[in-house]
Amino acid sequence: MKLVFAGTPEVAVPALDALIASGRHEVAAVVTRPDAPAGRGRRLVASPVAERAQEAGIEVLKPAKPRDPDFLERLREIAPDCCPVVAYGALLPRVALDVPARGWVNLHFSLLPAWRGAAPVQHALMAGDEITGASTFLIEEGLDSGPVYGTVTETVRPTDTSGDLLTRLAFAGAGLLAATMDGIEDGSLEAVPQPADGVTLAPKITVEDARIDWAAPALRVDRVVRGCTPAPGAWTTFRGERLKLVQAVPVADRTDLAPGQLAAGKNNVYVGTGSYAVELLWVQPQGKKPMRAADWARGVRIAEGESLDR
């Protein structure tokens, strides 16, 4: 088939690579979000997908919105059979959905109908899911509600961050998307409607969602820290300034600390929760680089009985 691939961030690059490498289909063009400011200088930078497409000599389309007339005209000129999508980042209007004969097929990082929305991996971790995965489905105008072509599963490991899990799913999902294109082309795959039961939503994680509630159990604190790493980053406050929590682990045999209460030793920093303590391993004070929690504690000289979120 002739394909137009739509995607933007680094997590979409493995799928683009898999389609280019398959040799069975032609990636005629790539659609991605416009260049965005990045770094200290805030200079405009192309998306990871745009950079990879340019390296491969593939035409890159960067519409401000996918309903822009010039973009739609070019898409019709290319006349793709199918448009595979991975984390494109913009809502596709009906006028765009109608262009490819076999539709737009999205690779979504959950086992649909679970975790429909922008942040499925973060929500799966924060909910304590033990198994997650990726799905390919035909895009409709509803939110991740279209019929499913295929899935792959992935075990959630006890120390996974959302970054760890998303990286594994990006590569597993790349193979699934390539196989889905093959199955659509040869007629061996048929999309199956999603069940009505088991629908959960995964909206974008806000900064406030990432704030630690020290009255919550240690397992909940652990899930929020891992689910919000690397972005947007779990956080709390210390002496009125924001403190990002980069890595923390529950410590079941430490139950003597009140929620938020700190206890710092030579090489360890513990915080009380609503159950047992967690040990802070890496933190990032406001305006500084990540550092070992013990080094941070020595620098700020934590007083006996002092707490976070105060």
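The values are calculated or read from the model by the stated rules, or taken from the named source; none is laboratory data. A quick note: this is a predicted structure, and the numbers were derived from the prediction, not measured. Reconstructed Cβ throughout: ideal geometry from the backbone, glycine too, with neighbour counts over all protein chains shown. Side chains are part of the model used for accessible areas, which takes the heavy atoms of the whole protein and leaves out ligands, DNA and RNA. Shrake-Rupley method; radii C 1.70, N 1.55, O 1.52, S 1.80 Å.
For the reader, a short list of remarks on this structure follows.
- Of the strands (runs of 3 or more DSSP E) lying entirely inside region 170-266, those containing at least 2 residues that are of a type in the set (S, T, Y) are 234-238.
- All of (1) open to solvent by 50 Å² or more (accessible area, probe 1.4 Å); (2) modelled with pLDDT of 95 or more; (3) out of contact with any strand residue (DSSP E or B) (no Cβ under 8 Å at 6 or more places or on another chain) hold for E141 with one exception: (2).
- Screening A196 against (1) at pLDDT 95 or above; (2) open to solvent by 50 Å² or more (accessible area, probe 1.4 Å) leaves a single unmet condition, (1).
- Residue match in region 263-281 (condition: open to solvent by 30 Å² or more (accessible area, probe 1.4 Å) and under 30 Å from G146 (Cα atoms)): no
- Among the residues of region 172-182, none qualifies, meaning not one is hydrophobic (A, V, I, L, M, F, W, C) and more than 30 Å from R24 (Cα to Cα).
- Given (1) over 16 Å from V13 (Cβ atoms); (2) open to solvent by 10 Å² or more (accessible area, probe 1.4 Å); (3) in contact with a Lys or Arg (Cβ under 7 Å, 6 or more places away or on another chain), number of the condition G89 does not satisfy: (1)
- Some residue of region 292-304 being in a strand (DSSP E or B), open to solvent by less than 50 Å² (accessible area, probe 1.4 Å), at negative phi and of a type outside the set (D, E, K, R): no
- For the residues I20, I78, I58, the requirement of being more than 22 Å from G142 (Cβ to Cβ) and open to solvent by 50 Å² or more (accessible area, probe 1.4 Å) singles out I20.
- Residue within region 29-42 that is of a type in the set (S, T, N, Q), at negative phi, crowded, with 21+ Cβ neighbours inside 10 Å and touching a residue at least 40 places away in the same chain (Cβ under 8 Å) present: yes
- Flag if A29 is modelled with pLDDT of 95 or more, over 17 Å from the mean Cα position of the chain (by Cα) and of a type in the set (G, A, S): yes
- Residues that are open to solvent by less than 10 Å² (accessible area, probe 1.4 Å), more than 25 Å from A202 (Cβ to Cβ) and among the aliphatic types (A, V, I, L, M), drawn from region 92-120: none
- Scanning region 233-260 for residues that are touching a residue at least 60 places away in the same chain (Cβ under 8 Å), buried (at least 18 other Cβ atoms within 10 Å of the Cβ) and farther than 13 Å from P290 by Cα returns T236, F238.
- Given (1) among the acidic types (D, E); (2) surrounded by fewer than 18 Cβ atoms within 10 Å (Cβ to Cβ); (3) part of a loop (DSSP other than H, G, I, E, B), index of the condition D160 fails: (2)
Residues checked against (1) of a type in the set (S, T, Y); (2) farther than 17 Å from R211 by Cα; (3) in contact with a Lys or Arg (Cβ under 8 Å, 6 or more places away or on another chain):
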| position | (1), (2), (3) |
| --- | --- |
| D253 | no, yes, no |
| V271 | no, no, no |
| W282 | no, no, yes |
| K289 | no, yes, no |
| A293 | no, yes, no |
